[in-house]
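Shown below is the structure under consideration.
The values are calculated or read from the model by the stated rules, or taken from the named source; none is laboratory data. None of the values given here were measured: they were computed from a predicted structure. Positions of Cβ are backbone-derived with ideal geometry, glycine not excepted, and every protein chain shown enters the neighbour counts. Side chains are part of the model used for accessible areas, which takes the heavy atoms of the whole protein and leaves out ligands, DNA and RNA. Shrake-Rupley method; radii C 1.70, N 1.55, O 1.52, S 1.80 Å.
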Amino acid sequence: VQLQASGGGLVQAGDSLRLSCAASGRTFSTRVMGWFRQAPGKEREFVAAINWSRFSTDYADSVKGRFTISSDNPKNTLYLQMNSLNPEDTAVYYCAAKETYGGSRYEGAYDYWGQGTLVTVSS
């Protein structure tokens with residue numbers, strides 16, 4: 001499975017941005033897709049995930065109510081709608097996919113990763 005993230009950029013606090021992740025290859029094998037981010041000087045952290053079986057979603061507390069994970073073509077295109085952005089959201093955002101259920105908040109559980117897209121939020 002190949003993942004290609006896009007949509008990052010420079011925005012101001014309070015703005016919105018939508019990230020996309022195009023998946024190709026053996027996408028039928030994926031069970032969960034998610035977004036992670038890594039801020040400068042920090043470890044990569046979980047942002048959001050979507051489970052294809054139940055079509056359920058999960059969010060980190062820091063983004064709950066502001067970010068929405070979705071797909072308009074299950075297993076092929078993943079989105080992350082980010083609203084009310086603040087400088088603490090500045091990071092490189094990665095999309096990822098895994099072939100098993102469970103552990104969707106744990107980056108080590110993911111099998112495939114995109115290259116990352118940079119989001120910078122100015123105050």
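For segment 108-120, name all the residues that are buried (at least 20 other Cβ atoms within 10 Å of the Cβ) and under 15 Å from MET82 (Cα atoms).
THR117, VAL119
Within segment 18-35, is even one residue of a type in the set (Phe, Trp, Tyr), within 15 Å of ASP111 (Cα to Cα), open to solvent by less than 30 Å² (accessible area, probe 1.4 Å) and touching a helix residue (DSSP H, G or I) at 6+ places or on another chain (Cβ under 8 Å)?
No, there is no match, as no residue in segment 18-35 is of a type in the set (Phe, Trp, Tyr), within 15 Å of ASP111 (Cα to Cα), open to solvent by less than 30 Å² (accessible area, probe 1.4 Å) and touching a helix residue (DSSP H, G or I) at 6+ places or on another chain (Cβ under 8 Å).
Hey, another quick one. Please go through segment 81-105 and give me each residue that is surrounded by fewer than 17 Cβ atoms within 10 Å (Cβ to Cβ) and either within 17 Å of TRP52 (Cα to Cα) or β-branched (Val, Ile, Thr) (or both), ordered by number.
Residues satisfying the conditions are GLU99, THR100, TYR101, GLY102, GLY103, ARG105.
Another question about this same structure. Return yes or no: is SER6 touching a Ser or Thr at 6+ places or on another chain (Cβ under 8 Å), polar (S, T, N, Q) and more than 18 Å from TRP113 (Cβ to Cβ)?
In short, no.
With the requirement that a residue be surrounded by fewer than 16 Cβ atoms within 10 Å (Cβ to Cβ) and at pLDDT below 90, what does segment 36-54 give you?
Selection gives SER53, ARG54.
Tell me yes or no: at least one residue of segment 112-119 is under 12 Å from SER20 (Cα atoms), of a type in the set (Val, Ile, Thr) and out of contact with any Gly (no Cβ under 9 Å at 6 or more places or on another chain).
No, segment 112-119 has no match at all.
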